[in-house]
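Below is one structure, written out as C-alpha cells; comments come after it.
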Amino acid sequence: MATTITITGAGGQIGYALLFRIAAGDMLGPDEPVRLRLLEIPQGLKAAEGAALELQDGAFSLLEHVEVTDDPAVAFDGANIALLVGARPRGPGMERGDLLAANAGIFGPQGAAIAAHAASDIRVTVVGNPANTNALIAASAAGGVPAERFTALTRLDENRARAQLALAVDAPAASVRRVPIWGNHSATQFPDISHATLDGVPLADALAERVGDVRAWQEQTFIPRVAKRGAEIIEVRGSSSVASAANATIEHTRDWVTGTDDWTSAGVVSHGEYGVPEGLICSFPVRSIDGRWEIVEGLELDDWARARVDASVAELVEERETVLALGML
Ligand code: NAD
Ligand code: LMR
C-alpha cells in the first residue's frame, strides 16, 4: 500500500521544493510508493495544478497518484502524513510571531479536518509559521488524535547550527552531531552545543582551539547567527528560506518514520519534561524510536543554558495566551 501524503500550500515556494523530492523517494525511501494530495486555497490552485502537471512529466516510478484540491476534507482523506506548509511567510523586519494573527486561523480547521478524515496513523509536520504555536492550534482542534502526532519543524535550525559549528572547526557538517534546539522556532531559540560531537567525540576542545572563549563566541556569534538565520536569508534572498526548509521537512519526517541513530531536534508536545509546561509544542533533543519521537531526558542544563531555555519557553507560553485570547484554542 502506498503512503498518502497531504501537502498544504503545495502551490507555494516550499511546496514546489518538496513535491519532487518526495516523489523521487527522498522522504520515505526508494521502495515506498506515494500518493500526493495537494491542498491550496482557491488563489493557489493554478500553481498547484501546474506542479501536478510537472509531477506527471517527471514519470516518477514511486508516484502512484496526485490530486489537487481546495477542500481539506478531500485533502486529508486517508492521509498518513500531513505536511502543513500553507501559511503566509514573514517579510523583512517582522518576527515569526507577528504572523500569528494572519496564520493561526488556518490551523484549527486543518486540525479538525485531520481528526475527521486522516488515517489512524497520521503524522503531522507543521512548517507554516509560527510553527510551534500553529502545531499547538492544530493539535487542540484534532480531538481524538494524540497530541504526539503533531510536531513543529525545528530541524532547519539544527541544520543551521551544525553547519555553523562545522564552519568554525573546519569540518564537514555531517561530522557534527548532537546540537539540539530548545524552545521556539524563533529568535529566542537556544541552539545547545554543550553535547556536540565531531566524528563521535566531544567537539569542545576543537572549538576552543579555533574560537578561544567558547561562551563569548556562543553569545556574540553562534547563537545570534543561528537564531536569526531566517531573517538573514530574507534579507539576502528577498524572501524566506525555501530549499533548506523543504530539505529539513523531509529529514524530520523521514526520521520520524524510519528512526534515528542519534539525537536530533523537533517541536513535540511537552509532558512536563525539563519543566516545560505540559501541552506546549516545544523543541527538545529527541530520538525517533519505533515510529515515535522520544525526548532525550536527563541532560544537564547549567544556569546560563536554563535561562535561555526558560526565555524561549516563556515566549511559547505568551503565544499560547495570545491564541487563547483569540479564541483559537
Ligand atoms: P508561499 O507564500 O510561497 O506559499 C504558501 C502557500 O500556502 C501559498 O501558495 C498559499 O496560497 C498557501 N496557503 C495559504 N493558506 C492556505 C490554506 N489555508 N490552506 C492551504 N494552502 C494555503 O510561502 P512559503 O515560502 O512556501 O512558506 C510557507 C510557510 O512556511 C511560511 O509561513 C513560512 O514562514 C514557513 N517556513 C517555516 C520554516 C520552518 O523552519 N519552520 C522554514 C521556512 C518557511
Ligand atoms: C526560516 O527559519 O527560514 C523560516 O522560519 C522563515 C522565516 O521567517 O525565518
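The values are calculated or read from the model by the stated rules, or taken from the named source; none is laboratory data. The shown structure was predicted, so the numbers you read here are calculated from the model rather than taken from an experiment. In this analysis, Cβ positions are derived from the backbone assuming ideal geometry, glycine residues included, and neighbour counts consider all displayed protein chains. SASA here: full protein model, heavy atoms, side chains in, ligands and nucleic acids out. Shrake-Rupley method; radii C 1.70, N 1.55, O 1.52, S 1.80 Å.
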| Over what distance in Å are the Cα centres of region 210-225 and region 105-138 separated? | 36 Å
| Integer Hz, Karplus 6.51/-1.76/1.60 couplings in order for region 59-70, x for Gly and Pro | 6, 5, 5, 8, 8, 7, 6, 9, 10, 10, 8, 10
| query | ³J(HN,Hα) across region 190-197 via Karplus (A = 6.51, B = -1.76, C = 1.60, θ = phi - 60°), whole Hz, x for Gly/Pro? | reply | 10, x, 9, 9, 5, 10, 4, 10
| query | Given H placed on each backbone N at 1.01 Å, which residues far from R123 in sequence or on other chains put an amide H within less than 5 Å of it? | reply | I81, A82
| task | Please get the size of the charge dipole for the chain, origin at its Cα centre, with Cβ charges of +1 on Lys and Arg and -1 on Asp and Glu, quoted in debye to the nearest 20. | result | 520 debye
| task | Could you point to the residue in N132, N80, Q43 farthest towards the positive end of region 3-152's charge dipole, with +1 and -1 charges on the Cβ of Lys/Arg and Asp/Glu respectively? | result | N132
| field | Heavy-atom accessible area per residue - the chain, 1.4 Å, Å² | value | 42 Å²
| task | Determine the share of region 155-320's accessible area contributed by carbon and sulfur atoms, expressed in whole percent, with a 1.4 angstrom probe. | result | 48 percent
| said: Between region 298-329 and region 1-28, what is the separation of their alpha carbon centroids in Å? | reply: 31 Å
| request: Pairs of Cα atoms under 8 Å, at least six residues apart: use those to get the relative contact order of the chain, whole percent. | output: 17 percent
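Percent antiparallel among DSSP beta bridges with both residues in the chain, to the nearest 5?
Percentage antiparallel, nearest 5: 45.
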